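What follows is a short report on a single structure.
The values are calculated or read from the model by the stated rules, or taken from the named source; none is laboratory data. Values in this document were obtained by computation on a predicted structure and should not be read as measured data. When we count neighbours, we look across all protein chains shown, and the Cβ atoms used for this are built from the backbone with ideal geometry, even at glycine.
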Amino acid sequence: MQDLNEVWRGVLKIIEQTMPRKVFVTWFQHTAPMSYENGVFVICFPNPFTKEWVEKRHTGQIFDALKMNFLDLTELKFVVEIGLANQDDLRKIELKDEPTKRTRRVSGGREVSFGDGLRSKALQEKYKLNSFITGPANRVPYAAAQAVAANPGGIYNPFFVYGKVGLGKTHLLQGTGNEILRNNPDAVVVYITSERFVNEVIESIRTRHMKEFKEKYRRVDCLIVDDIQFFSSKTTSQEEFFHTFNDLFDSGKQLIISSDRTPKELSDLDDRLTSRFGMGMVVEVQPPEYETRLAILQEKCMNEGIIIDGEVLSCIAYHIEESVRDLEGVLKSIIAAVKLQGLVPTVAMAMDTIKQLHKAVDVREDFVSSDHARPLHSGIPIVPVSVSAKNFIRNVDHLMTTVAKYFNISKQDLVGEDRRKEILLPRQICMYIIRKEMDEAYEKIGADFGGKNHTTVLHACHKIEKMLQTDQRIVRDLHAIKQELGLV
Ligand code: ADP
Ligand code: MG
């Protein structure tokens, strides 16, 4: 008789090849082979949630892998054994997650030094522009951030973002900084809070190093000052900041500033400063509307490699309206319950969590998502995020299969000639993804779609590009497909 644990480890090795490591660990951690009798192989899961996920998606794969060991295998059985998550349960398979790599720029994880006393808070990798979910309420700030990143020191200088707390200002600011660094790794991007700036000025005055202070800030290519409302009325620091600001501005360096109010409303600040803030691009981030809140929750689930029922996410998105941070807070609390206690998230659980964390929110006990918005598209479960996105589209064929499945049409339809809307649009979306993600030539894409002309592909890409500006549904569909492919 073969050692079941060994066999199961072999199966896991095969499965691991087919998905990002983080995702693999999430779903297969603490599984255990229970028995093999009369052609039936029983696999144990630590909670119903992981069991369901694996059963739905990997039964075939597991069966094939096991068949190599047990020729007379006829059936797989998935069972839940809550005790498996216990530390001292030796039956489970322990998978160690790989340590995450640190980037060169982040020294000690918190600060970056550019020499001669010039320091920046480390930009957080998780704040990327392309992980910022957009909708009508924040499309303008997002587009402006992209423009700034593409052309720092250009017409959107200074770039001033304001809005209430928890709406993504820091994310946008750091995302822009990260993008500038991605385009130009040698750029000196300094991210600093106004408080820190004030402290530095005071320290420089105390130690009579004002000249050095002035010098070092001249070397900055992009200065990001978050939460400038805390700058208050310390006049010397304001004066210094004014000079620094002007120096940088005059030499074409990018300035990015955030605040909880408009430049005009910053009454503690010198008028000369606030009027300069208004010279470039001033944008407001507003609370995202329901659809965007839902998309944000989906994105966060993916990042955690976890699936939560659409109804539960809808319930959170419906009730938490004012702050994305609060939205995340509720979700994190639910994810913790899933991971630590193996609970299956339900709408009732979401309501309880909301009540606990946000007493002021009036929770609707009769909440049903379909009353408030379109249901999630076709109920396809979200695939957790891929760590190395680009490699995850295995080939055009895989992509076509995914798109066809998503829209519930056949692959023949996708590459065929039918121009009815329900077929044409998926075809065009598919072409668009290939072009965008795989950088394939228009001719080659046309050939892959049953020998179509390259202008057809070009037209499709333009059309989808345009629709993405206005049609929230396409944005969502594309997002969901990319999720399914592990691209976002
Ligand atoms: P602020 O600086 O405005 O107080 P943050 O940038 O700290 O807000 O945002 C709070 C949290 O919400 C962060 O974790 C951020 O990543 C997330 N967040 C805010 N807006 C979005 C968005 N549009 N898409 C994705 N995540 C967002
Ligand atoms: Mg902030």
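Being among the basic types (Lys, Arg) and assigned to a loop (DSSP other than H, G, I, E, B) is the filter; apply it to the range 111-131 and report the residue that is farthest from Ile257 (Cα to Cα).
Lys126
Answer with yes or no whether Val220 is away from ligand 2 (no atom under 16 Å from the Cβ) and hydrophobic (A, V, I, L, M, F, W, C).
yes
Tell me, yes or no, whether the range 466-483 has at least one residue that is part of a helix (DSSP H, G or I) and over 22 Å from Gln298 (Cβ atoms).
yes
Go over the candidates Leu468, Leu458, Leu478, Leu414 one by one and state the one that is of a type in the set (A, V, I, L, M, F, W, C) and under 23 Å from Pro20 (Cβ atoms).
Leu478
So which residues in the range 270-305 are among the aliphatic types (A, V, I, L, M) and touching a Phe, Trp or Tyr at 6+ places or on another chain (Cβ under 6 Å), if there are any at all?
Leu273, Met281, Val282
Looking only at residues in the range 150-167 that are among the aliphatic types (A, V, I, L, M) and within 16 Å of ligand 1 (Cβ to nearest atom), which one is modelled with the lowest pLDDT?
Taking the candidates together, the pick is Val165.
Kindly indicate which of Thr134, Thr170 is assigned to a loop (DSSP other than H, G, I, E, B), more than 22 Å from Gly252 (Cβ to Cβ), within 16 Å of ligand 1 (Cβ to nearest atom) and not small (Gly, Ala, Ser).
Thr134
The rows are residues; the columns are (1) surrounded by fewer than 15 Cβ atoms within 10 Å (Cβ to Cβ); (2) in contact with a helix residue (DSSP H, G or I) (Cβ under 6 Å, 6 or more places away or on another chain); (3) more than 24 Å from Pro288 (Cα to Cα).
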residue	(1), (2), (3)
Asp326	no, no, no
Ser333	no, yes, no
Ala336	yes, no, yes
Leu340	yes, no, yes
His358	no, no, no
Asp362	yes, no, no
Val368	yes, no, no
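Hey, does the range 301-315 have a residue that's at pLDDT 90 or above, aliphatic (A, V, I, L, M), within 16 Å of ligand 1 (Cβ to nearest atom) and farther than 30 Å from Gly115 by Cβ?
Checking the range 301-315: at least one residue is at pLDDT 90 or above, aliphatic (A, V, I, L, M), within 16 Å of ligand 1 (Cβ to nearest atom) and farther than 30 Å from Gly115 by Cβ.
Going by what's in this entry, would Val283 be described as in contact with a strand residue (DSSP E or B) (Cβ under 8 Å, 6 or more places away or on another chain) and of a type in the set (A, V, I, L, M)?
Yes: the conditions hold for Val283.
Got a sec? Which of Asn178, Asn157 is in a loop (DSSP other than H, G, I, E, B), among the polar types (S, T, N, Q) and touching a strand residue (DSSP E or B) at 6+ places or on another chain (Cβ under 9 Å)?
Asn157 is the lone residue from the list that is in a loop (DSSP other than H, G, I, E, B), among the polar types (S, T, N, Q) and touching a strand residue (DSSP E or B) at 6+ places or on another chain (Cβ under 9 Å).
So which helices (runs of 4 or more DSSP H) stay within the range 309-368 end to end and still have 3 or more residues that are among the basic types (Lys, Arg)?
Where helices (runs of 4 or more DSSP H) fall fully within the range 309-368 and carry at least 3 residues being among the basic types (Lys, Arg), they are 324-341.
Could you list, ordered by first residue, the pairs with Cβ atoms under 9 Å in which the first is in the range 221-233 and more than 18 Å from Tyr156 (Cα to Cα) and within 16 Å of ligand 1 (Cβ to nearest atom) and the second is assigned to a strand (DSSP E or B) and of a type in the set (Lys, Arg), at least 6 apart or interchain?
Listed by first residue and then by second, the contacts come to nothing, as the list is empty.
Would you point out the residue of the range 58-81, among those that are in a helix (DSSP H, G or I) and free of Cβ contacts under 8 Å to residues at least 12 places away in the same chain, that is nearest to Val23 (Cα to Cα)?
By that ranking, first place goes to Gly60.
If I filter the range 265-308 down to residues being among the hydrophobic types (A, V, I, L, M, F, W, C) and in a helix (DSSP H, G or I), which single residue comes out as nearest to Ser131 (Cα to Cα)?
Top of the filtered list is Ile296.
Could you tell me whether Glu55 is at pLDDT 85 or above, outside any loop (DSSP other than H, G, I, E, B) and among the charged types (D, E, K, R)?
Taking the combined requirement at face value, the residue satisfies it.
Is it the case that the range 49-56 has a residue that's of a type in the set (Phe, Trp, Tyr), out of contact with any helix residue (DSSP H, G or I) (no Cβ under 7 Å at 6 or more places or on another chain) and buried (at least 17 other Cβ atoms within 10 Å of the Cβ)?
No: zero hits.
Specify the residue that is surrounded by the most Cβ atoms within 10 Å (Cβ to Cβ); the eligible residues are those in the range 163-177 that are more than 9 Å from ligand 2 (Cβ to nearest atom) and small (Gly, Ala, Ser).
Gly177
Phe231 is checked against (1) within 16 Å of ligand 2 (Cβ to nearest atom); (2) farther than 21 Å from Ser259 by Cβ and fails just one. What number does that condition carry?
In the conditions (1) within 16 Å of ligand 2 (Cβ to nearest atom); (2) farther than 21 Å from Ser259 by Cβ, Phe231 misses (2) alone.
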